[in-house]
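Next up is a structure, given as structure tokens.
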Amino acid sequence: MAENESSREPILKLRGVSKQFGAVQALEDIELDVFAGEVVALVGDNGAGKSTLVKILAGVHQPTSGSIQFMNRPVALDSPGKALEMGIATVFQDLSLCENLDVVANLFLGHELSPWRLDEVQMEVRAWTLLRELAARIPSVREPVASLSGGQRQTVAIARSLLLDPRIIMLDEPTAALGVAQTAEVLNLIERVRDRGLGVILISHNMEDVRAVADRIVVLRLGRNNGIFTPESSNAELVAAITGATENSVSRRQARKLEPTGA
Amino acid sequence: MNEPQAALDRSDSRVRHDEGIGGAVRGFIDRVRSGDLGVLPVILGLILIATVFWSLNPVFLAPNNLANLLFDAAAVGCISLGVVCVLMLGEIDLSVGSMSGLASAILGVIWVKAGLPPALAILVALASGAFMGFVYATLLNRFGMPSFVSTLAGLLAMLGLQLYLLGSTGSINLPYSSALVRFGQIHVMPAWFSYMTAILPGALILLLGLDRMRRRRAVQLSNPGGLSVLLAKAAILTAVLLVAVYYLNQGRGIPWMFGLFVLLVVLMDYALTRTQWGRAMFAVGGNREAARRSGINVSRIRISAFMLCSSLAALGGILAASRLASSSQQAGTGDVNLNAIAAAVIGGTSLFGGRGSAWSALLGILVIQSISNGLTLLNLSSSLRYMITGAVLAIAVIVDSLARQSRASHGRA
Ligand SMILES: Nc1ncnc2c1ncn2[C@@H]1O[C@H](COP(=O)(O)OP(=O)(O)OP(=O)(O)O)[C@@H](O)[C@H]1O
Ligand SMILES: [Mg+2]
């Protein structure tokens with residue numbers, strides 16, 4: 001399984017985190033470590049609890065129980081503002097953009113330059129610079145976000161998470177709607193961000209992408225930890241951990257493909 | 001406009017870049033067609049209303065009648081400005097009429113009955129407005145009580161308090177010679193001052209626009225429209241304002257009270273479009289959860305909006321009392337409430353939240369006041385006035401809904 005980096009302390013350390021939504025036990029007894037300069041991939045089937053975990057770390061949901069340590073201090077992430085202030089930035093699965101505001105306003109929302117007399121010019125310049133870094137193809141930053149395509153919106157959400165110089169950035173399926181070039185750019189960006197010493201939590205259903213950038217792969221299944229893998233682990237191992245069985249629809253399908261048809 | 005090098009924001013070749021006055025006009029037409037109507041319907045409506053009433057009775061456009069109209073518009077206009085704030089969040093305050101009535105009762109009781117200084121009475125009235133707004137916002141934040149329920153309860157409670165305060169006599173006359181009543185009935189701007197204020201907006205647009213162009217060029221951003229559009233805007237605005245001021249000065253002139261209202265509109269417009277608070281207002285109205293996740297304190301924004309709304313309603317009540325020189329049981333009842341809300345919507349602030357402008361209070365109240373003034377001139381009873389105002393409101397809401405659908409299909413939510 002995974003190698004243990006006992007020499008360093010993780011910047012983010014979760015122990016026994018649980019979350020209950022009424023009758024649904026979305027997360028149970030979750031453990032997670034994220035080190036500086038490391039990409040942790042969080043994988044699992046639909047409804048495994050990945051987004052819920054990310055939302056807890058973003059301060060959107062409060063955990064039912066468990067402890068969270070950030071930079072070696074126990075913290076209570078009781079509001080999104082607090083998480084952002086500490087340096088935990090998030091790209092949410094639903095992107096959480098305001099459709100009635102333009103791209104610049106969305107990027108800087110809650111953190112505008114000069115609050116009493118908004119510096120639109122400087123904000124627009126920062127916006128263009130950030131979007132260029134992401135190889136974004138956005139026609140105008142002065143159009144409402146409602147007029148952007150799904151992938152363009154995703155790029156805006158990613159750009160926004162980088163704006164505040166976070167220590168940890170969490171990306172909930174950031175490449176789900178992106179084109180080939182933009183996906184490559186986001187993966188490059190993840191590597192650049194990691195090399196700058198940030199911790200990255202990446203959620204993705206694309207095992208190829210996950211293997212390409214992740215240092216560790218954490219599997220969630222039905223709201224529980226189900227193993228930690230390295231990118232070198234075999235596909236069968238990963239699929240087994242995600243689905244919870246060696247005999248499953250994925251392996252059967254692969255086996256069918258290997259057999260010569262009609263033989 | 002020739003740029004020294006490709007501007008930072010001009011890298012995408014698929015976007016048509018509108019330059020100069022022709023470009024600005026084309027961009028405007030595009031926006032209108034996609035359902036981003038802005039103030040266009042209201043302006044057209046105002047022109048239509050003015051033409052109809054003028055043809056029925058030319059007195060409608062006489063300078064003195066227009067001055068009267070402006071005197072009458074200020075009080076409900078102030079209330080409507082507050083309503084814009086809560087509508088912006090997708091909330092509503094149905095108690096603004098009662099709030100204004102209560103404020104006028106407080107004014108009468110403290111100032112005339114108790115004989116205390118009027119400034120103190122005004123302060124207490126405004127503070128009671130702020131308090132009510134705080135209560136509504138807290139009910140919403142703590143208990144999730146929908147604002148239309150809590151403000152409906154507030155409407156009744158404040159109406160009761162107003163009647164209780166005024167007691168058996170039913171109304172209190174304010175002294176005619178007092179500055180407050182003269183402010184509400186007589187005082188108009190001196191001619192030279194009104195001309196200066198007419199020039200100011202154009203000059204400001206020009207100066208701020210030039211400064212903005214300079215700063216954008218310095219960081220290699222393009223200047224859509226450029227100097228020509230800026231000059232045209234400033235010139236047209238100045239010309240329109242000068243003509244209007246000249247015309248009004250042929251009669252009584254421009255009421256100070258209306259000047260105060262316009263000043264409040266300008267301040268509110270600045271706050272909504274140029275400050276972090278204003279951004280947060282639009283964000284909360286557009287997507288509350290996204291705003292919260294961006295670190296915006298949604299509860300605090302709601303508190304600020306409801307407090308502003310009720311305080312402006314109280315101010316409107318004070319202005320209405322000074323206009324009528326009395327605090328009566330009728331103050332704030334009848335159509336005040338709905339006129340204030342209708343004005344904001346007619347002016348173009350969306351009932352669905354996240355879209356609107358401080359100017360909609362000004363434009364909307366001009367529409368409503370014109371209708372009411374014109375029908376009074378024609379000696380038509382208030383029954384017809386209610387029906388026509390109701391129809392105009394319905395049209396405004398239909399225009400809002402249609403524009404919203406059109407925006408959605410053109411990607412401009
Ligand atoms: N706000 C909520 N209220 C109630 N139940 C919720 C809520 N959010 C999530 N859940 C439940 O928690 C479980 C985990 O959901 P979550 O969104 O974390 O899954 P996920 O791993 O992100 O799945 P996907 O890959 O589809 O995004 C689901 O069963 C879901 O129904
Ligand atoms: Mg998810």
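Quantify how strongly other chains surround peptide B:282-290 by giving the mean number of their Cβ atoms within 10 Å of each of its Cβ atoms.
Averaged over the peptide's residues, the number is 6.
Which of A:GLY199, A:VAL125, A:VAL17 sits farthest toward the positive end of the charge dipole of chain A, with +1 on the Cβ of Lys and Arg and -1 on the Cβ of Asp and Glu?
A:VAL17
Taking 1 over the mean of 1/r across every pair of different Cα atoms in the protein assembly as shown, what Kirkwood radius in Å do you get?
Value: 28.4 Å, from the Cα pair sum.
Let me ask you something else. Compute the relative contact order of chain A as a whole-number percentage, counting only Cα pairs closer than 8 Å that sit 6 or more residues apart in sequence.
It rounds to 26 percent for chain A.
Follow-up. First compute the accessible area of the protein assembly as shown with a 1.4 Å probe, then give the percent of it belonging to carbon and sulfur atoms.
The computed percentage sits at 61.
Could you check the spin-label model distance between B:THR51 and B:ALA130? Points 7 Å from the Cα along Cα→Cβ, value in nm.
Those two pseudo-labels are separated by 4.7 nm.
May I have the pair-distance distribution P(r) for the stretch A:1-124, computed from all Cα-Cα distances with 10 Å bins from 0 and rounded to whole percent?
11, 36, 31, 17, 5, 0
Here is a further query. When DSSP assigns beta bridges and you keep just the ones with both residues in the stretch A:12-258, what percent turn out antiparallel, to the nearest 5?
Bridges in the stretch A:12-258 that DSSP calls antiparallel: roughly 50 percent.
Which of the aspartates and glutamates could be linked to A:LYS50 by a straight reach, that is with a Cα gap under 14 Å, when you skip same-chain ones fewer than 8 residues away?
By straight Cα distance, A:LYS50 reaches A:GLU28, A:ASP29, A:GLU31, A:ASP94, A:ASP172, A:GLU173.
Quick one: ranking B:ASP93, B:ASP30, A:ASP102, A:ASP94 by accessible area, 1.4 Å probe, largest first, what do you get?
Heavy-atom accessible area, descending, gives A:ASP94, B:ASP30, A:ASP102, B:ASP93.
With only Lys, Arg, Asp and Glu charged, each at its Cβ (+1 for the first two, -1 for the last two), find how big the charge dipole of the stretch A:12-258 is about the Cα centre; round to the nearest 20 debye.
I would put it at about 380 debye.
About the Cα centre, and with charges only on the beta carbon of Lys, Arg (+1) and Asp, Glu (-1), how big is the dipole of the stretch B:159-265? Nearest 20 debye, please.
Dipole size: approximately 460 debye.
Right, next: For chain B, what does the helix formula give at 222 nm: sum of -39500 (n - 2.57) over DSSP H segments with n ≥ 4, over the residue count, nearest 500 deg cm²/dmol?
Computed mean residue ellipticity for chain B: -24500 deg cm²/dmol.
Here's something else I'd like to know. Cα axis of helix B:336-346 to longest principal axis of chain B: angle in degrees, 0 to 90, nearest 10?
Helix B:336-346 and the main axis of chain B meet at about 10 degrees.
Report the one residue of B:THR138, A:VAL218, B:VAL345 whose Cα lies farthest in the direction of the positive end of the charge dipole of the protein assembly as shown (charges on C-beta: Lys and Arg +1, Asp and Glu -1; origin at the Cα centre).
B:VAL345
Calculate, for B:LYS113 and B:ALA153, the FRET efficiency according to 1/(1 + (r/R0)^6) with r their C-beta to C-beta distance and R0 30 Å; round to the nearest 0.05.
Rounded to the nearest 0.05, the efficiency is 0.65.
Okay, next question. What is the antiparallel percent of DSSP beta bridges lying wholly in the protein assembly as shown, to the nearest 5?
55
What distance in nm separates the two pseudo spin-label positions at B:PHE143 and A:ASN235, each 7 Å out from Cα along the beta-carbon direction?
5.9
Beta carbons within 10 angstrom, averaged per residue: use that to sort the peptides B:277-289, B:354-366, B:235-247, highest first.
Order by mean packing, descending: B:354-366, B:277-289, B:235-247.
With only alpha-carbon pairs counted, each pair once and no self-pairs, how large is the Kirkwood hydrodynamic radius of chain B in angstroms?
Every distinct Cα pair counted, the radius reaches 22.8 Å.
Arranged from highest to lowest average of other beta-carbon atoms within 10 Å per residue, in what order do the peptides A:180-192, A:162-174 appear?
Ranking, from highest mean packing down: A:162-174, A:180-192.
Let me ask something additional. Excluding ligands, DNA and RNA, what is the solvent-accessible area per residue of the stretch A:12-258 at a probe of 1.4 Å, expressed in Å²?
Per-residue value: 41 Å².
The values are calculated or read from the model by the stated rules, or taken from the named source; none is laboratory data. In this text the structure is predicted, and so the values were computed from the model without any measurement. Don't worry about glycine lacking a Cβ; one is built from the backbone with ideal geometry, like all the others, and counts go over all protein chains shown. Calculation scope for accessible area: heavy atoms of the full protein, side chains included, ligands and nucleic acids excluded. Shrake-Rupley method; radii C 1.70, N 1.55, O 1.52, S 1.80 Å.
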